[in-house]
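Worksheet for the structure shown next.
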């Protein structure tokens, strides 16, 4: 019987530009931060290159998060993080209409479960006001339970944070990438940067698949940020990966929770969130576990059991619903809590490191901030941002299975059609990994986890890759 | 893709909608045809009718229904052919999205379609519980799959996804996974079971070990899937405090079947997937008297012939209910948590008494099962049960009235 290697169905993506070309800017890292910066520079007329070690974007820290767009109400006051979160939020709100990105403003409640926590709510509100977040209402237990009737009756009260929203955390960066490409940016996937030196004129960056040249390097390498940063000649920070484990409840539970349920944060952790997602299920997590490894995103049964128990405590009716998925993400935390943004004009090197849990929200704001810091103008008249489209896989607007003309539904749990899968596999920005395909379509991400569709999806991937990859 | 044309299809009126063209759904359709019931439509989300047997390569199907042993695909083909011969209308590529006020909405390649059915039979089947729902530790990898996925790779696509597998579980389907691996040339490094004994007849352990050379580990307390990135290097198991590493490049989660589809939970009132109480009456009727459920959608997986006969019986009940419509008066049979599922779990007070209650225990166990009517013992049954065999209780032969409370309470020895 013919073998099929499910881990190597995809060929490494080829580059579509002259490798001798000297770029204005090379962005290292195709996460949510890197794609945002890539877009910003490309839209502003810079000849921009995105270099990514994976065969798709979002293969590192950006693949696993809680999919929430934050207001910044609890960000560190007067920090760069706060400024970028707030700016990123506003940019997203504007861009979501232009690029048709997924979005639902559900607001969040910071719930107090005991008197001690209840006493902290006013201080959290005051901090939020100080952060320039204006719509923050204190709710008593009655008001809270009227709003969220399935919340455990043990809840004493809450701070209602208007504006906290659900987004598709993978569609937005894909749109940033596509817009950057449409504006002339180039990409090099499956190219891991291994070293580099400055010739006096430009950087020569060595990668596992050839050398690239760029006048300025922007390091947005996430979990590898400190390693990449050594190329510039100094060691300024250390990445300490922080693992976050999550569990996902079936879409049957979606109606149980209408608002993002946040805990009162402690000094150590922001704590476990129970939230509906853009994909119509309920997410619970993350944990916060510092570790050495940059790749170990294994789940641990005991921890997942704890998360489950926590979820049942917060929303008891979740007991009646099934857990359909578990995963762990790694946040690129560093040896200091703040963002590590450093502009070294002499070295033509910009570091964007330590963007831990707020990167999804801050990405667009951070990109604007970096562009302004960089202070080089590539064109006086940037053309209007090109319009790009990305497929909708959120439950907020109609999905492909609600339209006619598909051939068959391949993934029954998530109702993913064959044409959605094929489309997601095509072109320069097509999926380059199985995970990338899941993030673009949700195929295999439902309750049966591939019982029905794994073999069919694998066959489509092979067909679209145009040959045997065995 | 949102620019695709959107056709508004009108609601089609039908008498009976059967959702799921597996053994129970097709059997029900055949029976309704024999009973002269017109205007019956069978829907299936796949392009091909036949259900799960389509990718079960082993033999043993069809003995009770067609009087000869056949392979799963042959059995599925025979069912479909028989249904066609009886003039059954098959509507493939139709995915049920919701049921609201007797209107079923399907996603189809021609757009969303709506049917108002006087009676609906949900014969949605079952699927295995994947790794994630079991919260098992370790890496994520596309090489972690269920038996169902493996069988689709092997029997529908003729592909072997890995070279050396570990099979988690020791139910009937787990042994089927061993055979599928053997057929595909996949070595099986071990079979792993958390319970103290295999979840099948004991001699099968010996058969697996001696005939198939597959080591079988029972009483395993903890499993970790090891590897780097998405590549599996093996599985670490802990037993009596000792950890053992077993090398493999694929992991198969087998068994722990659970009803398919979320529609049972969201759109069928009172239907409970967790303890299976209040699900269906002896006539396969739910508390919404227009909705019936039969086959493996009622619990985990039983053999195809059991589903076939359930489908037939449900069809007879549906046919009868269309002749004389009456309000449904029921009493729920509440079961102990030791019981995985029991059918019927509702008593239709105006129908003949159920002859039997069929149930299964979650674990191997010995003890006494008490049937209580309003807290009073009406039957006492000795139990020596294994989780892979049905336990049947006779009817307790007492009149049950509206408002009564019937409970099954288990006392372990």
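Of note:
- Theoretical FRET efficiency, 1/(1+(r/R0)^6), r = Cβ-Cβ of residue B:100 and residue A:376, R0 56 Å, to 0.05: 0.40
- GNM top mover of B:163, B:326, B:98 - chain B, alpha-carbon springs below 10 Å: B:326
- Cα convex hull, chain B: 158 Å³ per residue, rounded to a whole number.
- Cα centroids of segment A:122-190 and segment B:358-380: 50 Å apart.
- Computed label-point distance, nm, for sites residue B:326 and residue A:397 using a 7 Å Cα→Cβ extension: 5.4 nm
- Short-range pairs are left out: with C-alpha atoms under 8 Å and at least six residues apart, the relative contact order of segment B:133-253 is 33 percent.
- Test item: B:134-146 mean partner chain Cβ contacts at 10 Å: 6
- Of all DSSP-defined beta bridges confined to segment B:31-168, some 80% are antiparallel rather than parallel.
- Kirkwood radius, segment A:355-467, all distinct C-alpha pairs, inverse of mean reciprocal distance: 16.7 Å.
- Relative to the compact-globule estimate of 2.2 N^0.38 Å, the Cα radius of gyration of segment A:239-319 comes out at 1.13.
- Our analysis of segment A:163-209 gives Rg over Rh at 1.18, with the two radii drawn from alpha carbon positions and Rh computed by the Kirkwood formula.
- GNM flexibility winner over chain B from B:332, B:95, B:233 (Cα, springs under 10 Å): B:233
- Radius of gyration and Dmax over the Cα atoms of segment B:1-107, both given in Å: 15.7, 52
- Sequence-distant contacts, meaning Cα pairs under 8 Å at least 6 residues apart, place the relative contact order of segment A:380-470 at 24 percent.
- More than 28 Å apart - percent of Cα-Cα pairs taken over segment B:171-325: 42 percent
- Of B:176, B:278, B:132, the one that fluctuates the most in a GNM where chain B has Cα springs shorter than 10 Å: B:132
- Segment A:157-240: projected area of the alpha-carbon convex hull, averaged over directions, in nm²: 9.3 nm²
- Chain A: relative contact order in percent, alpha carbon pairs under 8 Å with at least 6 residues between: 23 percent
- Over every Cα atom in segment A:64-220, the radius of gyration and the widest Cα-Cα span, Dmax, amount to 21.6, 67 Å.
- Label-zone membership for segment A:295-334, site residue B:236, 7 angstrom Cα→C-beta point, backbone N under 14 Å: A:296-302
- Pairwise centroid distance, computed over Cα atoms, of segment A:340-409 with segment A:282-336, Å: 27 Å
- Annotation: segment B:247-347 has a Kirkwood hydrodynamic radius of 14.7 angstrom, from the mean reciprocal C-alpha pair distance.
- Globularity index of the protein assembly as shown, i.e. its alpha-carbon radius of gyration over 2.2 N^0.38 Å: 1.00
- Debye log10 I(q)/I(0) for segment A:1-122, one point scatterer per Cα, at q = 0.10, 0.15 Å⁻¹: -0.53, -0.95
- Cβ-Cβ distance of residue A:208 and residue B:116, R₀ of 51 Å, FRET efficiency by 1/(1 + (r/R0)^6): the value works out to about 0.25.
- Of interest is the spacing of the C-alpha centroids, which for segment A:8-67 and segment A:211-265 amounts to 15 Å.
- Taking the Cα atoms of segment B:123-216, the ratio Rg/Rh between the radius of gyration and the Kirkwood radius comes to 0.95.
- q = 0.17 Å⁻¹, segment B:112-170: log10 I(q)/I(0) [Debye, one scatterer per Cα]: -0.74
- Simple label model, 7 Å out from Cα along Cβ direction - residue B:353 to residue B:59, nm: 4.3 nm
- Calculated mean residue ellipticity at 222 nm for chain B: -6000 deg cm²/dmol, from DSSP H runs with n ≥ 4 weighted as -39500 (n - 2.57), summed, divided by the residue count and rounded to 500.
- Ranking of A:372, A:320 by count of other Cβ atoms within 10 Å, fewest first: A:372, A:320
- Average beta-carbon neighbours from other chains, 10 Å sphere, peptide A:242-252: 2
- Size check on chain A: the Cα extents along the three principal axes, sorted descending, read 66, 58, 42 Å.
- Order by protection proxy (mean Cβ within 10 Å, highest first), peptides B:40-46, A:204-210, B:53-59: B:40-46, B:53-59, A:204-210
- Volume of the Cα convex hull of segment A:377-437, divided per residue and given in Å³: 154 Å³
- Computed over the Cα atoms of segment A:169-328, the ratio of the radius of gyration to the Kirkwood radius (Rg/Rh) comes to 1.09.
- By average C-beta atoms within 10 angstrom, highest first, the peptides B:217-225, A:17-25: B:217-225, A:17-25
- Taking only Cα atoms of segment B:329-413, radius of gyration then Dmax in Å: 12.4, 37
- Theoretical FRET efficiency, 1/(1+(r/R0)^6), r = Cβ-Cβ of residue A:387 and residue A:16, R0 22 Å, to 0.05: 0.55
- Remark on segment A:400-465: hydrodynamic radius 11.6 angstrom, per the Kirkwood mean of 1/r across alpha carbon pairs.
- Length gained when the stretch residue A:269-residue A:140 is fully extended (0.36 nm per residue, less Cα-Cα span): 44.0 nm
- Shielding of B:123-133 by partner chains, average beta-carbon count, 10 Å: 5
Every number in this text was worked out from the coordinates using simple rules, so none of it is lab data. All figures in this text were calculated on a predicted structure; none of them were measured in a lab. No Cβ is skipped: glycine too gets one built from the backbone with ideal geometry, and neighbour counts run over all protein chains shown.
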